[in-house]
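One structure is given below, encoded as structure tokens.
Laboratory data are not the source of any read-out in this text; all were calculated from the coordinates shown. What you are looking at is a predicted structure, and each value in this text was computed from that prediction instead of being measured. Don't worry about glycine lacking a Cβ; one is built from the backbone with ideal geometry, like all the others, and counts go over all protein chains shown.
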């Protein structure tokens, strides 16, 4: 009728709040909650080859800079222990995880401290 429609933003916000309420947990002194992925998300492009290339470049750099390797290794181990990151097996698919899989291409950030 009158041209009055439900606000889709309100609907999305309600869905996100429902996911939050259903999945929020307190673990090891912090709150953990599932991200509110849309059920009809746009599939991200397959970026595995880009992420792999960046990793290979980083690995070569480690060969020339053992201090960078050690710092990087400590950070990755710490993030793994804290549950911030997980190892994803090559064979793992979106369907097995029940969520989208996207490899995050990255590079090392080096900050030299000035005193």
Full-extension gain in nm, residue 47 to residue 64, via 0.36 nm per residue minus C-alpha separation: 3.4 nm
Two-site label geometry, residue 35 and residue 103: point separation in nm, points 7 Å out along Cα→Cβ: 1.7 nm
Inter-label distance, nm, simple model (7 Å from Cα along the C-beta direction), residue 114/residue 26: 4.4 nm
